[in-house]
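Asker: Quick one: this structure, given as structure tokens, is what I'll be asking you about.
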Amino acid sequence: MSFKLKFPFLIFLATASKFCSENGTWWIHPDLKQTWTNYSLCGNVHSSHDEGNVFVVHIPVIKAISQTGYSISLTLLLIACLLLGSVRRLRCPRNNLHLQLFASFILRASVSLFRDLAYGSSLDEVCRVSNLYLCLVRGWFEYEDEKSAHK
């Protein structure tokens, strides 16, 4: 019996195989003297789909989807605010609360769109900020570990 396992971390085309013997144990490699998994089918796929390449391909698509969503949201929220603000019969505390909520969403969408326009959408900047953040978080945890170890 053979089991197919997905190759780990963002590689969806390759499969690894592991063989189960008739007595219900995993096949043991004669040279290694331990269970063995065949990753030979994964080798070619791994070279063309490395981790960095996946991010380079997908981040611009995600940014475009985000900008499109924020643009549609901003447009519809502005229309809703104009309607609720201009019709006198719709003025009540509940609608005033909704206007304030819409205003916060409008500010959020505006800041997000302005940030993308002002700072560009360079992948290098995203990676640099992410790495800086991860370094700060990791440093903080290491500092806390050192502090607790000396107590």
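The values are calculated or read from the model by the stated rules, or taken from the named source; none is laboratory data. Predicted model, so just to flag it, every value in this text is computed and none were measured. All Cβ positions, glycine included, derive from the backbone under ideal geometry; neighbour counts span all protein chains shown.
Asker: Going by what's in this entry, would R94 be described as in a helix (DSSP H, G or I), charged (D, E, K, R) and more than 22 Å from P60 (Cβ to Cβ)?
Answerer: Working: in a helix (DSSP H, G or I): yes; charged (D, E, K, R): yes; more than 22 Å from P60 (Cβ to Cβ): yes.
Judged against the criteria, R94 is a match.
Asker: Something else: Out of (1) within 30 Å of A109 (Cα to Cα); (2) surrounded by 11 or more Cβ atoms within 10 Å (Cβ to Cβ); (3) at pLDDT 80 or above, what's the single condition that is false for F55?
Answerer: (3)
Asker: When you check E22 against the structure, is it modelled with pLDDT of 70 or more, exposed (fewer than 13 other Cβ atoms within 10 Å of the Cβ) and not basic (K, R), yes or no?
Answerer: yes
Asker: Scan (1) modelled with pLDDT under 90; (2) in contact with a Ser or Thr (Cβ under 9 Å, 6 or more places away or on another chain) for the single condition A109 breaks and write down its number.
Answerer: Against the list (1) modelled with pLDDT under 90; (2) in contact with a Ser or Thr (Cβ under 9 Å, 6 or more places away or on another chain), A109 comes up short only on (1).
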